[in-house]
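The values are calculated or read from the model by the stated rules, or taken from the named source; none is laboratory data. Model, not experiment: these values are computed from the prediction. Note: ideal-geometry Cβ built from the backbone for every residue, glycine included; neighbour counts use all protein chains shown.
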Amino acid sequence: MRESTREGRQPAPKTVFGGTMRQGLHGSALRRLPDGSAPGVADARLLPNDDFAAAWSAIVLPDGMKQRLLRTAVAEAHLRAAVPFDALPLHGVILLTGKPGVGKTTVARGLADRVARTVPNATEWLFVEVDPHSLASSSLGRSQRAVEQLFGTLLDEHAAAGPMVVLLDEVETLFTDRAALSMDANPVDVHRAVDAALVGLDRLARRHPQMLIVATTNFSDALDPALASRADWIVEVPPPDPAARRLILEHTIAAVAAAFPGAGSLLEPALLDAAAEAADGLDGRRLRKAVATACAYRQEAQGDPDRVTGGDLLAVLREKGGQR
Ligand SMILES: Nc1ncnc2c1ncn2[C@@H]1O[C@H](COP(=O)(O)OP(=O)(O)OP(=O)(O)O)[C@@H](O)[C@H]1O
Ligand SMILES: [Mg+2]
């Protein structure tokens, strides 16, 4: 499709990556998705994505943290597009660390969506989630080849076609600390696979300024320091504080009450205050599940979510989400 040059139309705005925006859905040219069955690819979709957007809005983080993440990603896009790598060695890698269930993966996907909405481009944004477990095969030499294939061919080709966000979830699986490798599990092979991943990452960073990598880990100690050194920003995602716990519970209960109006009684403000206090120590995932556990707490309620009470919720939370 050619750009409109008819009189009276404004010229199409320039994008951060130097292209020219086209009219149409999200103002972008169509984009090819990677083959979903390609080794190492867990998920691939075009951005923006409404599911990612909804999940991002439902995540409660300390004040300003989401906005700062977005600003960092946007600044990376601007800087990497314009400043040579040797002057400003930005790899386009943001590393999210933190305990299980605090929202790292959800934040990473939501950030991908927000970046695509904030930084327009002539070509659609692509999102690829890497499945590190499918790359970390124990059979001799396979991991290294799979990693080279993913970084050197698949991601390279797709990054050359337009802007892209790559999610490296549980990144310690791929970038295992080489100094801590035990002698009983193919250390040479793992060593080579980590080397290949680092070489691949460096090459991608130099060749594709329009590529952002969001990595997550629960085990920062198990992560090779060379990856942490390449991260442009390392963010610790904290467990929810009382105010965040209250909001997460409120959001979860409201979603349940939309289908089972009886559960709406749990939205009573004093109950939410008490529940947020009682939930001390629970991560976001356990908090959300606790609402479901409360629906099954009392025998008389027969598992009917319409009959859940505030007492059920408090009892479950005092048992730490029903895990004791
Ligand atoms: N801070 C939070 N605010 C709202 N919801 C949250 C929060 N933390 C976690 N959740 C919810 O918990 C669930 C799990 O989140 P997610 O998978 O993103 O966590 P994670 O940190 O990646 O966990 P893991 O380390 O186990 O992979 C999601 O449904 C998410 O919405
Ligand atoms: Mg996760």
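If you take the residues in segment 118-144 that are over 30 Å from P62 (Cα atoms) and among the polar types (S, T, N, Q), which one is nearest to ligand 2 (Cβ to nearest atom)?
This residue is S134.
Looking only at segment 81-102, which residues are within 14 Å of ligand 2 (Cβ to nearest atom) and touching a Leu at 6+ places or on another chain (Cβ under 8 Å)? So that I can check it myself, show each step before the final result.
Initial filter on segment 81-102 (within 14 Å of ligand 2 (Cβ to nearest atom)): 95-102.
Correct list: L95 only.
Residues to consider are V147, V188, V194; find the one that is part of a helix (DSSP H, G or I), free of Cβ contacts under 8 Å to residues at least 12 places away in the same chain and either away from ligand 2 (no atom under 16 Å from the Cβ) or not acidic (D, E) (or both).
V188
It is to be established whether one or more residues within segment 103-117 are assigned by TED's automatic domain parsing to the domain that holds E76, more than 17 Å from the chain's Cα centre (by Cα), hydrophobic (A, V, I, L, M, F, W, C) and away from ligand 2 (no atom under 16 Å from the Cβ). Talk me through it step by step, then tell me what you get.
First, pick out the residues of segment 103-117 that are assigned by TED's automatic domain parsing to the domain that holds E76: 103-117.
Now restrict to residues that are more than 17 Å from the chain's Cα centre (by Cα): none.
No, segment 103-117 has no match at all.
Got at least one residue in segment 222-233 being more than 24 Å from D169 (Cβ to Cβ) and assigned to a helix (DSSP H, G or I)?
No, segment 222-233 contains no residue that is more than 24 Å from D169 (Cβ to Cβ) and assigned to a helix (DSSP H, G or I).
Looking at (1) modelled with pLDDT of 90 or more; (2) outside any helix (DSSP H, G or I); (3) more than 16 Å from ligand 2 (Cβ to nearest atom), can you tell me which one S182 breaks?
The one condition S182 does not meet is (1).
Which pairs have Cβ atoms under 9 Å, sit 6 or more apart or on different chains, and link a residue in segment 165-178 that is on the phi < 0 side of the Ramachandran plot to one that is within 10 Å of ligand 2 (Cβ to nearest atom) and aliphatic (A, V, I, L, M)?
Qualifying pairs under 9 Å: V165/A108; L167/A108; L168/A108; D169/A108.
Can you pull out every residue in segment 98-113 that is surrounded by 22 or more Cβ atoms within 10 Å (Cβ to Cβ) and under 16 Å from L61 (Cα atoms)? It would help to see each step written out before you state the result.
Taking segment 98-113 and keeping what is surrounded by 22 or more Cβ atoms within 10 Å (Cβ to Cβ), we get 102-104, 107-113.
Listed by number, the residues that qualify are V102, G103, K104, V107, A108, R109, G110, L111.
Which residues, taken from segment 286-306, are over 15 Å from V256 (Cα atoms) and surrounded by 15 or more Cβ atoms within 10 Å (Cβ to Cβ)?
Result: R286, Y297, R298, A301.
For segment 216-244, name all the residues that are within 16 Å of ligand 2 (Cβ to nearest atom) and among the small types (G, A, S).
Those that are within 16 Å of ligand 2 (Cβ to nearest atom) and among the small types (G, A, S): S220, A222.
Between a first residue in segment 95-117 that is over 24 Å from K289 (Cα atoms) and a second residue that is within 13 Å of ligand 2 (Cβ to nearest atom) and polar (S, T, N, Q), which pairs have beta carbons less than 8 Å apart while being 6 or more apart in sequence or on different chains?
Taking only residues 6 or more apart or on different chains, the pairs are L95/T216; L95/T217.
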